[in-house]
Amino acid sequence: MDTSNSGYKLLELIALSGEFSPVLVSRLGISPSYSEKLITRLKEQKYIKTHYKDRLRGYRLTSSGKKLLLVRNPDRFLFYLSGCSETNQPRSSLPRRQRLHYASHVYVLLRNADITFFRDRKPLLFRESDAPSHTLPLPVFYHSREIKELGAQTIQINNSRAIGILLSPACIYVVFYTGDGLMKWEYRTELRLKALLSYHISQGILSKEQINNGYSPNVPIKALIIGRNMDTSLKLLTSTGGFRKSYFYLDTSFDYFHYLPDTYEGEVLLKLLCNPQISTVLRQLLLSDLQPPSAEIGLEHDAFLEGRPVLLAFDFDMQRITHFRTALSFRQLFGNLICFDFQRNVMQQYFGELASVTTINLEKLKRRLHL
């Protein structure tokens, strides 16, 4: 099989995920008419099979499919296709299968945003045998299973809901996938994960002393939550955690909670979040027509427009958005939000009469800044 064709690329993503969501095939640049032929051919060649249980359908590799990938590129796939790992021997329980599907959604999003995640294209930072002299190909993603190669020190984060971590030039994102609802959430576990990463950026394997392009101790660690669409973000913004705070709500485990939808728009936003130079250019462009912020007003904002506080909310940091809304309501002020056009409806619903919304055309920005 040609490693550059659509079939092989699909097999690669199934291998990394363990079980691949069928709805994602169209996100790989494959037309609906051709995708049916492709899936049929891969099944006839006995490379994949469909697993259906509990009303959840997914694609899994057969033994022939695994052998094909291991022969072609063992460095890339041995980690995923050996032993009793979740990806080599997927479990049948619904929660475990859903987590594999969530991983497949994350991998497709990363792929379409041109972010490195294959093991043979990045240093294996979390393996003791790996030399510390590598250069990170930023941005680069590591799955939670790869982090757990650190061994005993990761026992306390076994219950983390994180899919993995995304190392970008200016910060580290802890990546979560919440689907179209609220994910389970354990504050202390996620705080321990953040503490583990803080240790490794200050004096461990992610520090400047250990690896080229490493991090300084003050680099921010941010949560990046991916949901089905923008409607999901409203659920997250308004969540109180449910019974015993067992579901997600905005707490203090992270100082930043960015949200992006699992859509084409989310792919563009992800590129922006991982490119601090372009983000800076965009902020400067937006602020150039506004008045500077005021330290005397006592609320989080980025500028003023006709006497009203303005928040640049295009990066959809839910912490800043909620703080801005709370301050406007408490002080009985009217504000202005600047966001992307695909974020507008949620912003209007969340702020109501408290703020007006000015939008940025995503497509025009993409062309202008070459995203």
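Only residues that are among the polar types (S, T, N, Q), assigned to a strand (DSSP E or B) and under 18 Å from residue 147 (Cβ atoms): list them for the stretch 205-219, please.
If the condition is that a residue be among the polar types (S, T, N, Q), assigned to a strand (DSSP E or B) and under 18 Å from residue 147 (Cβ atoms), then 207 is the only one that fits.
Pairs, please: C-beta under 7 Å, at least 6 apart or cross-chain, first residue free of Cβ contacts under 8 Å to residues at least 24 places away in the same chain and in the stretch 23-44, second basic (Lys, Arg)?
Close Cβ pairs satisfying both conditions: 43/49.
Among the residues of the stretch 223-265, write down those that are in contact with a helix residue (DSSP H, G or I) (Cβ under 9 Å, 6 or more places away or on another chain) and assigned to a strand (DSSP E or B).
Hits for the stretch 223-265 are 223, 224, 225, 226, 227, 257, 258, 259, 260, 261.
When you scan the stretch 105-128, do you find a residue that is part of a helix (DSSP H, G or I) and of a type in the set (Phe, Trp, Tyr), even just one?
Yes, that holds for at least one residue.
Just to be sure I understand the filter: pairs with C-beta atoms under 6 Å, separated by 6 or more residues or on different chains, first member in the stretch 51-67 and on the phi < 0 side of the Ramachandran plot and in a helix (DSSP H, G or I), second member modelled with pLDDT of 95 or more and not acidic (Asp, Glu). Which pairs pass?
Here the result reads 64/46; 64/47; 65/11; 65/47; 65/48; 66/81, each pair linking the stretch 51-67 to a residue that is modelled with pLDDT of 95 or more and not acidic (Asp, Glu).
Can you tell me which of 190, 149 is at pLDDT below 95, surrounded by 15 or more Cβ atoms within 10 Å (Cβ to Cβ) and in a helix (DSSP H, G or I)?
Working: 190 fails: at pLDDT below 95.
After ruling out the rest, the residue left standing is 149.
So is residue 123 at pLDDT below 95 and open to solvent by less than 90 Å² (accessible area, probe 1.4 Å) or not? Write out each step before concluding.
Numbers: at pLDDT below 95: yes; open to solvent by less than 90 Å² (accessible area, probe 1.4 Å): yes.
Yes; evaluated as a whole, the condition is true for this residue.
Return the residues of the stretch 314-342 that are over 27 Å from residue 266 (Cβ atoms) and either outside any helix (DSSP H, G or I) or in contact (Cβ under 8 Å) with a residue 60 or more places away in the chain (or both); say none if nothing qualifies.
332, 333, 334
Could you go through the stretch 42-61 and let me know if any residue there is closer than 28 Å to residue 126 by Cα, in contact with a helix residue (DSSP H, G or I) (Cβ under 8 Å, 6 or more places away or on another chain) and either hydrophobic (A, V, I, L, M, F, W, C) or open to solvent by less than 20 Å² (accessible area, probe 1.4 Å) (or both). It would help to see each step written out before you state the result.
Initial filter on the stretch 42-61 (closer than 28 Å to residue 126 by Cα): 60-61.
Of the ones still in play, those that are also in contact with a helix residue (DSSP H, G or I) (Cβ under 8 Å, 6 or more places away or on another chain) are 60-61.
Next, only the ones that are either hydrophobic (A, V, I, L, M, F, W, C) or open to solvent by less than 20 Å² (accessible area, probe 1.4 Å) (or both) stay: 61.
Yes, the stretch 42-61 contains a residue that is closer than 28 Å to residue 126 by Cα, in contact with a helix residue (DSSP H, G or I) (Cβ under 8 Å, 6 or more places away or on another chain) and either hydrophobic (A, V, I, L, M, F, W, C) or open to solvent by less than 20 Å² (accessible area, probe 1.4 Å) (or both).
So residue 84 fits all but one of (1) at pLDDT below 95; (2) assigned to a helix (DSSP H, G or I); (3) open to solvent by 50 Å² or more (accessible area, probe 1.4 Å); (4) not basic (Lys, Arg); what number is the exception?
It fails just one condition, (2).
Kindly list, by first and then second residue, each pair from a residue in the stretch 88-104 that is among the small types (Gly, Ala, Ser) to a residue that is assigned to a loop (DSSP other than H, G, I, E, B), limited to pairs with Cβ atoms under 6 Å and residues at least 6 apart or on different chains.
Partner pairs satisfying both residue conditions: 103/163; 104/21.
Please give the number of the condition residue 10 fails out of (1) open to solvent by less than 10 Å² (accessible area, probe 1.4 Å); (2) on the phi < 0 side of the Ramachandran plot; (3) touching a Pro at 6+ places or on another chain (Cβ under 7 Å).
Answer for residue 10: the failing condition is (3).
The values are calculated or read from the model by the stated rules, or taken from the named source; none is laboratory data. Keep in mind that what you see is a predicted model, and the values were worked out from it rather than measured. Counting neighbours? That spans all protein chains shown, and the Cβs are built from the backbone with ideal geometry, glycine included. The area values use the complete protein model at the heavy-atom level, side chains included, leaving out ligands, DNA and RNA. Shrake-Rupley method; radii C 1.70, N 1.55, O 1.52, S 1.80 Å.
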